[in-house]
1. Please return the ranges of helices (runs of 4 or more DSSP H) entirely within segment 1-53 where 2 or more residues are over 10 Å from the mean Cα position of the chain (by Cα).
2. Could you please give the count of residues in segment 54-72 that are surrounded by fewer than 17 Cβ atoms within 10 Å (Cβ to Cβ), of a type outside the set (G, A, S) and over 11 Å from the mean Cα position of the chain (by Cα)?
3. Regarding A30, is this residue surrounded by 15 or more Cβ atoms within 10 Å (Cβ to Cβ), closer than 14 Å to S6 by Cα and modelled with pLDDT of 95 or more?
4. Here's a check for you: in segment 33-72, which residue that is touching a helix residue (DSSP H, G or I) at 6+ places or on another chain (Cβ under 6 Å) and among the β-branched types (V, I, T) is nearest to K5 (Cα to Cα)?
5. List the pairs whose first member sits in segment 37-65 and is closer than 13 Å to I14 by Cα, whose second member is part of a helix (DSSP H, G or I) and of a type in the set (D, E), and whose Cβ atoms are under 8 Å apart, counting only residues at least 6 apart or on separate chains?
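The values are calculated or read from the model by the stated rules, or taken from the named source; none is laboratory data. Computed from a prediction, not measured in an experiment: that's the story for all the values here. Here the Cβ positions follow ideal geometry from the backbone for every residue, glycine too, while neighbour counts run over all protein chains shown.
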Amino acid sequence: MSEGKSEKGFVPMILLCFFLGTFGVHRFYAGKIGTGVLMLLTFGGFGIWALIDFIMIVCGNFKDKEGLPIKS
């Protein structure tokens, strides 16, 4: 794992989470396919999981598949 920021952008990530978070689209974008499928099947944990992810993205704590923080 290299140091630095993820190649994934903050704006696309937050927009995907806001509009399609219950379907886990932001997780697919981040490369987290497994949890993306789980979110798709559970409608984002009935909205709770999607809300938590949205807050984590806004606060800058959301990481991509390789553990790198999303660049702002």
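1. 10-20, 33-46
2. The qualifying residues number 3.
3. So A30 fits the description; yes.
4. Step by step, filter segment 33-72, then rank; the result is I70.
5. F62/D53
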